[in-house]
Amino acid sequence: MSEWRVTAMLRKMAERFRAWLAGDESETAVIPELANLPDRAWYELVDMASDLIAPETTQRLTRESRALLTTNPGDAVLFGRLATRLADQPKDVTVLAIVSGDAWYAYALALKEVAEFARAKAACEQAEFFYHLDIETVDGIAVSAHQKQLALCALIRGRVMCSMGDRSGLEVMAKACLSLWSQGETVKYVEGRTLYASALVGFGDYAQAMRVFQDTLTVARRDGDESVEAYISNNIGMCYSALGEIKKARQCFANALKLFERRGDLAEVPRVRFNLAVALKSSGRYAEAVSELHKVQAEFLVLGMPVVAAQVLMEIVETKFVSNRQGDIARLCDLVLPTFLAAGLPREAERAMAYLREVSQRLMLREEDITGVRAFLDRLEASPATTFTPPA
């Protein structure tokens, strides 16, 4: 494409962005285009649209990213990404610290929501860097003026570290919770402790997690915080499920689903439904489990999370495998792979799915194949550059 045509294209994009800023929601589609521009093209657009670049622009994009977090996390990532591309513009260090820090924090939250944990951790670190730029003196000691924001960043950074299998994230989260408590941020402290307990669940520390969850559930109900109550109910259900108390687990999941649906937290609904399916599978109710898992898979695809949807597929495959319905697996892979590809499934995940289909068609599927592909998808979440190697 000629340089003239590229420049004309960028001018057109700048005009559409200007229209969106003026309130024309029909131009919302320009946001992902801007967010995904190569660096050189981006800087050219910034040069020709410098009148658009203001702290208020970044703050609006940041607010949009946060607003989309529970209903459309894929779009939240795009708005957050664009906010960070504009975030280094303010000259005043106080404005730079809060505007840029908030943009990177919103981006980190969105990346965590779509399970891009390595990028989420890096975004948290960027946010912390900016928050540390604004210094004030307290009792003769120079500290950041944004202690609450730093604690919240550390909390998310610690949680994604745990999601990547790094137990040292637990200590990062514990210190962040202590900081929030010392600042009198009771609500955020309870949310932080809840997040901490969910990380314990991920490491199989169910008894300790249950103690933390029960303490925070009491506070959440006392304060009428339905969002936290729903999150805690889901996690207590996971603990009960792991401990074999399926009836109690289902009651917790049902309560969490009711609360999340009432609040419109669409990104949380499939996660709860997935946990319910795992509980059903544990009690031998395979047909019901598969039915729920198909719903979950479809919901994650709608939310723009194809790798997570592929992980759900592996749960379906495993459920069919243990219920002696292996003949369904190859046909299932044939049905879902085109949908996954249309949703943007990474090439290496595509290779893993193709391998699964091939061994299933030859009636040679082993438990090791299921375990290997599942482990690969888990690694792919944490590190998008991971390559697939067929299990030995």
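The values are calculated or read from the model by the stated rules, or taken from the named source; none is laboratory data. If you're wondering where the values come from, they're calculated on a predicted model, not measured in any experiment. Cβ atoms come from the backbone with ideal geometry, glycine included; neighbour counts cover every protein chain shown. Just the protein is used for accessible areas: all its heavy atoms, side chains included, with ligands, DNA and RNA removed. Shrake-Rupley method; radii C 1.70, N 1.55, O 1.52, S 1.80 Å.
Just a few scattered comments:
- Per-region count, the stretch 1-56, residues acidic (Asp, Glu), farther than 15 Å from Arg85 by Cα, open to solvent by 90 Å² or more (accessible area, probe 1.4 Å) and modelled with pLDDT of 85 or more: 1
- Being more than 25 Å from Val212 (Cα to Cα), in contact with a Gly (Cβ under 8 Å, 6 or more places away or on another chain) and in a helix (DSSP H, G or I) is a description that does not apply to Glu171.
- Positions within the stretch 211-228 being assigned to a helix (DSSP H, G or I) and open to solvent by 30 Å² or more (accessible area, probe 1.4 Å), in sequence order: Arg211, Gln214, Asp215, Thr218, Val219, Arg221, Arg222, Asp223, Glu226, Ser227
- Scanning the stretch 215-274 for residues that are touching a Gly at 6+ places or on another chain (Cβ under 7 Å) and aliphatic (A, V, I, L, M) gives Ala249, Ala256.
- When residues of the stretch 64-82 are limited to those that are touching a residue at least 40 places away in the same chain (Cβ under 8 Å), open to solvent by 30 Å² or more (accessible area, probe 1.4 Å) and not aliphatic (A, V, I, L, M), the one nearest to Leu34 (Cα to Cα): Arg81
- Picking from residues in the stretch 340-367 that are assigned to a helix (DSSP H, G or I) and within 16 Å of Asp328 (Cβ to Cβ), the one that is most open to solvent (accessible area, probe 1.4 Å) is Gln361.
- Failed criterion for Glu128 (all others in (1) under 25 Å from Val307 (Cα atoms); (2) surrounded by 15 or more Cβ atoms within 10 Å (Cβ to Cβ); (3) not hydrophobic (A, V, I, L, M, F, W, C) hold): (1)
- Selection status of Asn234, among the polar types (S, T, N, Q) and buried (at least 20 other Cβ atoms within 10 Å of the Cβ): yes
- Selection within the stretch 368-392 - polar (S, T, N, Q) and outside any loop (DSSP other than H, G, I, E, B): Thr371
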